[in-house]
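Following: one structure in structure tokens, then a few remarks.
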Amino acid sequence: MFAFGRIPARLRQSVTVATLCTGLLLNPLAAGVSFADTNSAIDKLLGEAITQAQTMVALMTNNCPGGNNGRPPQAYDAFVKRSNEVNKQLVDLKVALAKGKTPNAAQQIDSAKDGLDKMVAMMRENCSGGSHGINPLNYGTLIQVKENVSGKLDAVKTILEA
């Protein structure tokens, strides 16, 4: 049986982007797709990316062993701050694109993706234990969410560059 999770992250991301773009661009109804439909697709992708990115904080809340209900990772406050910055970038991008302002959208997307990467890196081995610390309990899910959000952002970037 084939396991999608065994594909390297970069390849999974490429497959996700290709699938999203194919669905948007090669849809049988594509002959009648208007500029408004493209904007709607971009708006939907960004809306989903924002919602999913916001779940990353909840995934790390009290996610280290200890206490009655777990403990927050050591860098949790910095993680929340970075999450707020990334979400602001994504919301600002969504608003700008809705107004038709796209000159630096690719740079904004790259910056948001960099922030997501830094968020995941912050949580690596960020709970007490082991010789270098241990990963929070939902660390694998955190990576999956980050990859999903990155795939959506790559799809938006690809659409804008087309």
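Residues V80, V86, arranged from fewest to most other Cβ atoms within 10 angstrom of their Cβ, appear as V80, V86. The residues L45, L142, when put in order of fewest to most other Cβ atoms within 10 Å, stand as L45, L142.
Computed as a quarter of the hull surface, the mean projected area of the alpha carbon convex hull for region 41-128 stands at 5.8 nm². Rounded to the nearest 0.05, the FRET efficiency derived from the C-beta distance between S111 and N68 at R0 = 45 Å is 0.70.
When the listed pairs K44/K157; K113/K157; K44/K118; K88/K118 are checked against a 19 Å cut-off, the alpha-carbon distance exceeds it for K44/K118.
Readers should treat all values here as calculations from the given coordinates under stated rules, not as data from a laboratory. No experiment lies behind these values; they were computed from the predicted model shown. As a convention, Cβ positions derive from the backbone with ideal geometry for all residues, glycine included, and neighbour counts pool all protein chains shown.
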